[in-house]
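The values are calculated or read from the model by the stated rules, or taken from the named source; none is laboratory data. As the structure is a computational prediction, the values presented were derived from the model and not from experiment. Positions of Cβ are generated from backbone atoms using ideal geometry, with glycine treated the same way; all protein chains shown enter the neighbour counts. Surface areas here come from the heavy atoms of the whole protein model, side chains and all, with no ligands, DNA or RNA. Shrake-Rupley method; radii C 1.70, N 1.55, O 1.52, S 1.80 Å.
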Amino acid sequence: GRPLGRAGLALLLVVAVAWAGRRPRPDSPGGQPRPSVVLVACDSLDGRLTFYPGNQTVHLPFINFMKRYGTVFLNAYTNSPICCPSRAAMWSGLFTHVTESWNNFKGLDPAYVTWMDLMEKHGYRTQKYGKLDYTSGHHSVSNRVEAWTRDVDFLLRQEGRPMVKLTGDKTHVRVMEADWQNTDKAVDWIKEEAVNLTQPFVLYLGLNLPHPYPSPYAGENFGSSTFLTSPYWLEKVTYEAIKIPKWSSFSEMHPVDYYSSYTKNCTGEFTKQEVRNIRAFYYAMCAETDAMLGEVISALRDTGLLKKTIVIFTADHGELAMEHRQFYKMSMYEGSSHVPLLVMGPGIKEQQQVPNVVSLVDIYPTMLDIARIPVTQNLSGHSLMPLLCGKAENEVSHRGPRPSWVLSEFHGCNVNSSTYMLRTGKWKYIAYSDGRSVLPQLFDLSDDPDELTNVAIKFPVIVHSLDKILRSIVNYPKVSSSVQEYNKRQFMIWKQSLGQNYSNVIANLRWHQDWLKEPKKYENAIDKWL
């Protein structure tokens with residue numbers, strides 16, 4: 001038993017926290033040196049692949065290594081399931097509606113002070129390689145226009161049909177060459193620079209994998225709908241373990257899901273074999289990603305830095321890989337919104353699985369905690385350190401207890417409504433737009449992990465109480481309406497800038513195959529919207 005009761009413990013902690021707040025924070029000869037940090041953030045990795053039963057489909061040895069020597073989070077979520085807004089949340093520690101990073105084109109203000117800026121100011125050596133994408137993604141005009149026009153009353157296919165492609169032979173390891181080059185740079189930096197530093201360092205590596213590859217067959221402004229890998233990686237996948245997702249009929253689909261499925265070019269016929277292959281190739285791409293993480297871990301081990309470095313692995317969002325008749329992300333379903341989050345290093349509990357809901361905004365306060373930098377501003381996230389060190393949940397942080405919910409929101413393309421997801425306990429509540437014009441969804445994840453049954457009508461009292469919590473965090477009808485105004489305003493500016501070329505340019509965006517069948521009809525729909 002504990003000799004100190006909870007109250008006594010809490011009091012001790014309050015005293016300790018108050019005392020810690022007064023103490024000067026830099027590395028003092030008497031104090032413990034601050035650990036270095038390596039953050040590897042990939043793109044589009046479904047977090048459920050990092051624990052049972054999702055981990056049965058593909059061998060991910062370095063994720064397993066991190067689980068053996070560290071902590072895995074079983075319920076980590078993105079704050080916005082798309083590249084740029086998600087990264088904006090991770091680098092700022094603020095929710096999407098706070099930074100107003102509405103789509104892949106509109107991210108974080110470039111002057112915003114990130115956790116890395118603060119760590120540098122407080123004596124850390126900093127280095128970053130690869131995909132950052134938090135101020136603005138390098139995304140096409142198409143992406144922007146599709147996001148702006150999502151309220152227009154039309155339905156157009158915006159992506160190429162998802163497909164697979166095998167490349168090279170059983171010796172072909174480096175499929176995603178650009179990612180491997182960035183991994184090499186990070187490894188070289190560890191071996192040549194980090195090893196000689198007298199100060200702690202923070203290293204960031206951003207990977208593009210397992211994001212699908214561009215599909216040039218879809219013509220100009222093509223999307224990324226090709227799942228590409230080599231036989232070397234495909235061998236790491238256990239085909240028998242691949243689940244073929246159940247699909248609702250079109251008439252049973254939530255209207256927003258139907259819009260997403262259609263714009264993502266997934267409403268056509270798909271054989272079971274096609275779906276199985278898309279999933280297998282995606283898992284193989286995850287195996288290649290794991291190997292890059294492995295290179296970084298091995299470099300830290302070879303240089304003797306691993307024992308004094310905290311390693312964090314996560315992703316900006318997941319990948320549906322044909323669940324709910326969709327690929328890509330942009331959805332609040334688990335495949336898209338659930339991210340991997342694994343942490344190992346000095347002081348981090350080994351072989352720990354944390355069930356608490358956490359999200360990417362928690363990275364900012366966690367980094368500050370590691371670097372012993374006081375949090376001065378009002379962040380959306382909470383430090384993960386108490387959970388990582390295996391401390392009791394009721395321990396008091398200076399910001400009060402960690403909330404029992406996480407928030408994710410989406411305002412970009414392929415979804416014709418602003419979307420808000422509240423995840424708490426066994427529930428996932430998804431509200432749309434103004435909360436009235438589009439019906440909400442409620443899933444009981446303990447009973448229905450595949451999210452096939454919307455029980456919102458069955459449990460009105462729960463919907464009411466979850467909606468109340470959601471509105472206490474974000475005035476979502478107001479946010480939705482300001483996104484609508486922003487979209488209209490941006491579209492008008494873009495349209496005016498094109499002058500006489502407008503009709504030609506808009507017809508030849510990613511939706512050109514559908515648009516050119518009835519260009520007048522679609523232009524009229526836009527005029528009506530404006």
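Regarding Val483, is this residue part of a loop (DSSP other than H, G, I, E, B), open to solvent by less than 50 Å² (accessible area, probe 1.4 Å) and either touching a His at 6+ places or on another chain (Cβ under 6 Å) or modelled with pLDDT of 95 or more (or both)?
Spelling it out, it is not the case that Val483 is part of a loop (DSSP other than H, G, I, E, B), open to solvent by less than 50 Å² (accessible area, probe 1.4 Å) and either touching a His at 6+ places or on another chain (Cβ under 6 Å) or modelled with pLDDT of 95 or more (or both).
List pairs: first residue in the stretch 479-490 and farther than 15 Å from Tyr432 by Cβ, second residue in a helix (DSSP H, G or I) and open to solvent by 20 Å² or more (accessible area, probe 1.4 Å) anywhere in the structure, Cβ distance under 7 angstrom, at least six positions apart or on different chains.
The qualifying pairs do not exist here.
Taking the stretch 463-480 as the region of interest, how many residues are part of a loop (DSSP other than H, G, I, E, B) and either more than 24 Å from the chain's Cα centre (by Cα) or on the phi > 0 side of the Ramachandran plot (or both)? Before you say what the answer is, go through the steps one by one.
First, the residues of the stretch 463-480 that are part of a loop (DSSP other than H, G, I, E, B): 474-475.
Among the residues that remain, those that are also either more than 24 Å from the chain's Cα centre (by Cα) or on the phi > 0 side of the Ramachandran plot (or both) are: none.
Result for the stretch 463-480: 0.
Could you please tell me which pairs satisfy a Cβ distance under 7 Å, a separation of 6+ or placement on different chains, a first residue in the stretch 181-206 that is open to solvent by 20 Å² or more (accessible area, probe 1.4 Å), and a second residue that is part of a helix (DSSP H, G or I) and at pLDDT 95 or above?
Filtered contacts from the stretch 181-206: Lys191/Ala299.
Glu120 - would you say it is open to solvent by less than 30 Å² (accessible area, probe 1.4 Å), of a type in the set (D, E, K, R) and in a helix (DSSP H, G or I)?
no
Just the residues that are more than 16 Å from Val361 (Cβ to Cβ), among the hydrophobic types (A, V, I, L, M, F, W, C) and open to solvent by less than 40 Å² (accessible area, probe 1.4 Å), please, taken from the stretch 99-117.
Scanning the stretch 99-117 gives a single hit, Trp102.
May I ask you to verify whether Gly268 is farther than 20 Å from Asp169 by Cα, open to solvent by less than 20 Å² (accessible area, probe 1.4 Å) and in a loop (DSSP other than H, G, I, E, B)?
no
Got at least one residue in the stretch 450-462 being open to solvent by less than 30 Å² (accessible area, probe 1.4 Å), assigned to a loop (DSSP other than H, G, I, E, B) and under 19 Å from Met330 (Cβ atoms)?
Within the stretch 450-462, one or more residues are open to solvent by less than 30 Å² (accessible area, probe 1.4 Å), assigned to a loop (DSSP other than H, G, I, E, B) and under 19 Å from Met330 (Cβ atoms).
Has the stretch 285-293 got any residue that is outside any loop (DSSP other than H, G, I, E, B) and closer than 22 Å to Asp514 by Cβ?
Among the residues of the stretch 285-293, not one is outside any loop (DSSP other than H, G, I, E, B) and closer than 22 Å to Asp514 by Cβ, which makes the answer no.
In the set Thr96, Thr71, which member is in contact (Cβ under 8 Å) with a residue 24 or more places away in the chain, buried (at least 24 other Cβ atoms within 10 Å of the Cβ) and either touching a strand residue (DSSP E or B) at 6+ places or on another chain (Cβ under 9 Å) or of a type in the set (Lys, Arg) (or both)?
Thr96
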